[in-house]
Amino acid sequence: MQNRLINWFKFSSPATFYPLAGRLAPIFWVVAVTLIAIGLYMSFFVAPVDYKQGDGYRIIFVHVPASWMSMFIYLIMAGWSAIGLTFNTRLSFMMAQALAPTGALFAFISLWTGSFWGKPMWGTWWVWDARITSELILLFLYLGYMALVAAIDDRRRADRAGAILLLVGVVNIPIIYFSVKWWNTLHQGATIRMNGQTSMDETMLLTMLIMALGFWAYSIAAAMVRVQSIILEREAGSTWAQDLIGERA
Amino acid sequence: MSFLDALDMGKYALYVWGSFGVTALCMIIEPLLLRGRLDKARRRIARLNRMESNEQ
Amino acid sequence: MFETLAWIIRRDVTIALRRRTDVFTTLIFFVIVISLFPLGVGPDLDTLRLIAPGVVWVGALLASMLALEQLFLADHRDGTLEQILLAPQPLSLLVIGKVIAHWLITGLPLVIMAPVLGLQYDLSGEALLVMLWSLLLGTPTLSLLGAIAAALTLGLRAGGVLVALLVLPLYIPVLIFGAGAVEATTSGLGGGAHLSLLGAILLLALLGTPLATAAALRVSSE
Amino acid sequence: MSEIHRLEARQVCCSRGDRELLRCLDVRLESGQLMYLRGPNGSGKTTLLRTLAGLLRAETGEIRWDGEPIQRIRDQYHADLLYLGHLNALKDDLNAIENLRMDAAVRGSSLDEQAAWQLLTDIGLRGCEDLPIKYLSQGQKRRVALARLWHSDAALWILDEPFSALDVAAVDALQAVIRDHLGRGGMAILTTHQEVELTSGTVCRVTLGGEIPEVRHV
């Protein structure tokens with residue numbers, strides 16, 4: 001009996017999750033667009049000009065939320081991987097894979113905006129600051145994960161190998177961050193303070209939070225659409241997928 | 001302060017719009033790519049369906 | 001149980017000694033990379049002394065990464081890996097054996113060679129000693145971490161390049177503390193703290209990575 | 001090897017990539033029994049053997065050794081198991097004696113130099129002991145690989161095409177050693193076209209390649 005229950009769990013969860021993801025995605029798109037629109041409005045019209053950094057500081061309204069999301073998504077992916085390896089659920093691995101490109105995108109946005117912030121403030125496009133360097137390493141970790149999963153033809157092996165890599169990565173991130181910080185202070189390099197040092201007033205914090213929530217909704221929506229594609233690509237031969245598409249056509 | 005004044009970033013225009021612009025570009029292109037991938041997967045299954053029904 | 005460990009190490013070292021090319025290619029690569037830098041940077045001794053720790057350590061990183069692909073590949077091809085997976089003992093223990101052997105074959109020669117190369121960069125005796133210590137503590141960690149990537153990419157077509165992508169970000173702490181130790185010594189601060197941290201990382205890696213490598217091997221040989 | 005063992009596969013399905021190879025195998029093997037696995041190329045014989053050995057994870061279903069799932073008692077199961085795939089699992093650069101001793105060490109037992117020499121004599125390879133394996137012929141390599149059977153105390157042997165590349169004399173010797181093993185209460189699973197002449201015990205034939213695997217006890 002228990003055996004049959006597990007089989008059901010393992011095999012039909014992508015099939016049952018597919019329509020659910022289809023229903024959730026539009027909701028999160030709407031939430032994302034709304035929140036980001038509010039956030040943009042606030043970052044340009046409500047948040048005051050910083051007396052030291054002028055209008056340039058407005059970059060932090062995308063930079064900081066993007067950095068948060070890039071780290072947060074990696075943690076979530078590692079969480080899905082742990083669930084997948086423990087309970088042997090295929091959907092968990094698919095979720096991790098669905099999140100990866102979006103996480104990498106946010107890491108890239110964080111680096112890009114960081115560099116555009118650094119140029120007027122420090123006069124250089126790239127500063128070997130502890131946080132920016134860590135973000136770069138995080139981007140490498142994302143790329144490594146995506147390359148590994150893409151390089152393995154056997155889906156089951158790709159799922160599990162990727163999951164192990166994510167868990168190894170998540171254990172290493174604190175060590176990497178600590179070492180980069182140590183290195184940075186030792187060399188007395190530039191330390192960019194993107195928030196908090198002068199006057200982080202409440203509107204600024206609120207704007208960043210709203211943007212972060214918007215990015216968060218965006219990530220969920222993107223992951224939902226991507227997981228649908230992954231499910232369909234893998235289950236193309238199954239009857240449920242064929243029935244589903246057949247009905248629509 | 002008018003609408004345009006609020007968007008005038010002065011000497012920071014390149015940096016602010018460079019950041020926001022690229023972010024916006026990324027977050028518009030990604031959903032479009034996702035849409036394309038899902039449609040492709042659906043079309044492939046529809047094609048498989050047709051092939052199977054032709055065989056029978 | 002530890003007898004098996006000793007046997008695995010003995011086996012791999014024996015094989016490596018019978019086909020010496022594998023050992024020498026890594027070592028020669030290391031020597032050449034390090035000798036290339038002065039040609040690119042210029043022969044100014046002050047500059048060279050400044051970049052020496054970083055250059056030697058990056059060279060060690062690349063050389064040990066280069067050797068990783070072979071770690072499990074030969075065993076995978078001739079079927080002995082299957083027997084290792086089917087051994088009635090903890091797989092992580094056998095993995096430690098494989099990694100120790102791999103380090104003896106590819107890591108230890110680098111450690112021994114490094115002070116000689118350091119002379120090319122006009123490092124002081126004290127700095128050379130610290131470099132030796134830092135490599136001695138750091139390169140085993142590289143082998144341990146690299147084993148995970150080697151196991152994950154076992155038998156893949158894109159194996160070699162992929163290993164680099166997976167493993168280099170994980171190597172960063174070792175690079176920072178390893179090169180940092182030598183640098184701190186040359187600048188008169190003393191490299192003790194760095195060396196302790198390298199030792200701590202080695203212990204952590206020794207405890208954690210064999211489990212991950214064992215899991216990866218099981219996944220990859222399915 | 002006097003204790004009684006049993007191996008059960010319950011509702012085991014295997015797949016490679018997206019292809020389902022084997023659907024719902026239910027089979028039970030007990031001490032003294034021999035199982036033949038047959039089927040056309042690509043029907044999943046090797047996959048099933050590897051699954052039974054615990055190298056592959058079954059898509060669904062489970063394999064039990066003495067009533068316990070093999071994943072849970074992995075080390076114990078592997079102590080009772082000897083698996084020989086179509087690869088010989090020999091190191092090219094080591095000689096036969098070193099290979100045999102190494103293999104015993106990995107399996108947690110030990111084989112001293114004297115015993116290894118005796119083993120080589122038993123399988124008729126006296127005189128080749130100093131040569132690295134890479135200088136031996138296919139048949140000789142296979143014989144060294146199979147020499148493991150001569151000193152094995154594992155209860156379950158899983159052998160993938162053990163008779164391939166062997167000459168008549170070696171086939172006879174191998175048949176004899178399998179017969180002995182079964183006679184002492186061991187069990188064996190083989191993929192082969194060559195039948196082992198049994199003096200006692202029952203044979204189970206599993207034929208793959210059909211819609212569902214066919215199991216017959218004789």
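Of note:
- Hey, D:R50 farther than 22 Å from C:F2 by Cα, within 14 Å of chain C (Cβ to nearest Cβ), charged (D, E, K, R) and in a helix (DSSP H, G or I) or not: yes
- Whichever residue in region A:128-157 is without any contact (Cβ under 8 Å) to a residue 12 or more places away in the chain and assigned to a helix (DSSP H, G or I) and, among such residues, is farthest from A:M77 (Cα to Cα): A:A151
- Number of the condition not met by D:Q71 [criteria: (1) in a helix (DSSP H, G or I); (2) without any contact (Cβ under 8 Å) to a residue 24 or more places away in the chain]: (1)
- Single match in A:V31, A:V64, A:V49 (criterion: surrounded by fewer than 19 Cβ atoms within 10 Å (Cβ to Cβ), out of contact with any His (no Cβ under 7 Å at 6 or more places or on another chain) and touching a residue at least 60 places away in the same chain (Cβ under 8 Å)): A:V31
- When the test is whether a residue is over 22 Å from A:F17 (Cβ atoms), in contact (Cβ under 8 Å) with a residue 12 or more places away in the chain and within 14 Å of chain B (Cβ to nearest Cβ), A:W112 does not pass it.
- Some residue of region A:135-146 being small (G, A, S), touching a helix residue (DSSP H, G or I) at 6+ places or on another chain (Cβ under 7 Å) and within 8 Å of another protein chain (Cβ to nearest Cβ): yes
- Scope region C:180-207; condition closer than 19 Å to C:G118 by Cα, among the small types (G, A, S) and more than 12 Å from chain A (Cβ to nearest Cβ); matching residues: C:G188, C:G190
- Selected residue (criterion: surrounded by the most Cβ atoms within 10 Å (Cβ to Cβ)) from residues of region D:74-114 that are of a type in the set (A, V, I, L, M), at the interface with chain C (Cβ under 7 Å from one of its Cβ atoms) and in a loop (DSSP other than H, G, I, E, B): D:L90
- Boolean, D:L208 is crowded, with 17+ Cβ neighbours inside 10 Å and modelled with pLDDT of 85 or more: no
- Test: A:F72 is surrounded by 22 or more Cβ atoms within 10 Å (Cβ to Cβ) and assigned to a helix (DSSP H, G or I): no
- Scanning region B:15-56 for residues being within 8 Å of chain A (Cβ to nearest Cβ) and either over 23 Å from A:W29 (Cα atoms) or small (G, A, S) (or both) gives a total of 11.
- Residues satisfying the stated conditions in region A:78-109, i.e. more than 14 Å from chain B (Cβ to nearest Cβ), aliphatic (A, V, I, L, M) and either without any contact (Cβ under 8 Å) to a residue 40 or more places away in the chain or within 24 Å of A:G214 (Cβ to Cβ) (or both): A:A78, A:I83, A:M95, A:A96
The values are calculated or read from the model by the stated rules, or taken from the named source; none is laboratory data. Treat the numbers as computed from the prediction; the structure is a model and nothing was measured. Glycine gets a Cβ as well: all are built from the backbone with ideal geometry, and neighbour counts include every protein chain shown.
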